[in-house]
Amino acid sequence: MEKVIKPTNGYTACAVSVLLFIGSGASLFGAASTDNGFLGLLGALAIIACFFIWKGLLILQPNQARVLTLFGKYVGTIKDNGLFFVNPFYMSAKISLRAQNLAIPTLKVNDKMGNPIEIAAVVVWEVSDTYKASYEIADYVLYVKNQSEAALRNLATGFAYDNIEDEHAAITLRDGGTKVNELLVEELNERLAKAGILAIESRISHLAYAPEIAGAMLQRQQATAIVAARFKIVEGAVGMVEMALEQLSKKQIVDLDEDKKATMVSNLMVVLCGEKAATPVLNTGTIYQ
């Protein structure tokens, strides 16, 4: 469990070390002048004390921490920035508390429907528990990398690429947007909690079908779009023909029997549903010729 400690002010320790250094110089000079062994001993002890103080000085930059141990036992963590003095026998390890970016390389996986896809993401993370990051795992940076790739693979296999394969899917990788990113962050935090790592944000940076099926899927998407467009065109054309026949009958512009109606409907549907502009054919006789 992480334990944050408040060490001694380092500036005070520096001032004491300066005074000891000056005192040691004076004692050694006095011992050499008077041949006084006691002054020489005091001078030597003062110098040793100076070296101990200097060894115990620590400088911490903003958003950095030092994990302290004494003969293999965890003592605590310093998270404040500045100059501090700690026990000279402490061993310290530096850990950055700054937010870091991890670009997960493009992975080739199968989505929920079994289609091979390519997916990549960017993860923003930071150390939240220095004790876990230092002692629960061997290398927390490598741990973040491996677990992030595993989380992204698991996310990709849990959803379809789009609604073409799974028409009733509430969330797809392509259209999920913010929800997909939130689900990735949740899974990352579950996996990284053991290492004392917090995933702040994640974004899908690349998403595409694998090259071997990309062409076929593109044709399928185009066909689906064409069918949907044709459906709308026919639906609109039928409504227009119905409205035209209703208006002609209502206003009694022309009296149409069933054959004439059929011919008119046929002509209107060709004009309204055709991809190219209609080229009219003038009939100088009757529709029965």
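Brief remarks follow.
- Against the conditions (1) surrounded by 15 or more Cβ atoms within 10 Å (Cβ to Cβ); (2) more than 27 Å from residue 111 (Cβ to Cβ), residue 149 satisfies every one except (2).
- Among residues of the range 62-81 that are free of Cβ contacts under 8 Å to residues at least 24 places away in the same chain, those with a beta-carbon under 9 Å from a residue that is basic (Lys, Arg) and outside any strand (DSSP E or B) at least six positions away or on a different chain give the pairs 62/98.
- Residue within the range 105-113 that is under 13 Å from the mean Cα position of the chain (by Cα), in a helix (DSSP H, G or I) and without any contact (Cβ under 8 Å) to a residue 60 or more places away in the chain present: no
Yes or no, residue by residue, for (1) touching a residue at least 12 places away in the same chain (Cβ under 8 Å); (2) exposed (fewer than 13 other Cβ atoms within 10 Å of the Cβ); (3) more than 30 Å from residue 197 (Cβ to Cβ):
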residue: 4; (1), (2), (3): yes, yes, no
residue: 13; (1), (2), (3): yes, no, yes
residue: 16; (1), (2), (3): yes, no, yes
residue: 23; (1), (2), (3): yes, no, yes
residue: 28; (1), (2), (3): yes, no, yes
residue: 54; (1), (2), (3): yes, no, yes
residue: 59; (1), (2), (3): yes, yes, no
residue: 84; (1), (2), (3): yes, no, no
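- Number of the exception - residue 179 against (1) at pLDDT 90 or above; (2) touching a Leu at 6+ places or on another chain (Cβ under 7 Å); (3) under 21 Å from residue 115 (Cβ atoms): (2)
- When residue 38 is tested against (1) surrounded by 14 or more Cβ atoms within 10 Å (Cβ to Cβ); (2) assigned by TED's automatic domain parsing to the domain that holds residue 79, only condition (1) is not met.
- Restricting attention to the range 93-122, the residues being at pLDDT below 90 and among the small types (Gly, Ala, Ser) number 1.
- Checked against the criterion of being in contact with a Gly (Cβ under 9 Å, 6 or more places away or on another chain) and surrounded by fewer than 15 Cβ atoms within 10 Å (Cβ to Cβ), the range 67-82 has at least one qualifying residue.
- With respect to the conditions (1) within 30 Å of residue 55 (Cα to Cα); (2) of a type in the set (Ser, Thr, Tyr); (3) touching a residue at least 40 places away in the same chain (Cβ under 8 Å), residue 92 falls short on a single one, namely (3).
- Helices (runs of 4 or more DSSP H) lying entirely in the range 122-199 (those with 1 or more residues that are over 21 Å from residue 66 (Cβ atoms) and without any contact (Cβ under 8 Å) to a residue 60 or more places away in the chain): 140-158, 178-192
- Residue tally, condition over 34 Å from the mean Cα position of the chain (by Cα), over 18 Å from residue 11 (Cβ atoms) and either of a type in the set (Phe, Trp, Tyr) or assigned by TED's automatic domain parsing to the domain that holds residue 132 (or both), over the range 53-94: 3
- Breaking point among (1) under 24 Å from residue 195 (Cα atoms); (2) in a loop (DSSP other than H, G, I, E, B); (3) not small (Gly, Ala, Ser), for residue 95: (2)
- Looking only at residues of the range 118-136 that are in contact with a Gly (Cβ under 9 Å, 6 or more places away or on another chain) and not polar (S, T, N, Q), we find that the one that is nearest to residue 207 (Cα to Cα) is 127.
- Qualifying residue in the range 169-176 (condition: in contact with a strand residue (DSSP E or B) (Cβ under 9 Å, 6 or more places away or on another chain) and at pLDDT 90 or above): no
The values are calculated or read from the model by the stated rules, or taken from the named source; none is laboratory data. Since we're looking at a predicted model, the values are computed, not measured. Positions of Cβ are backbone-derived with ideal geometry, glycine not excepted, and every protein chain shown enters the neighbour counts.
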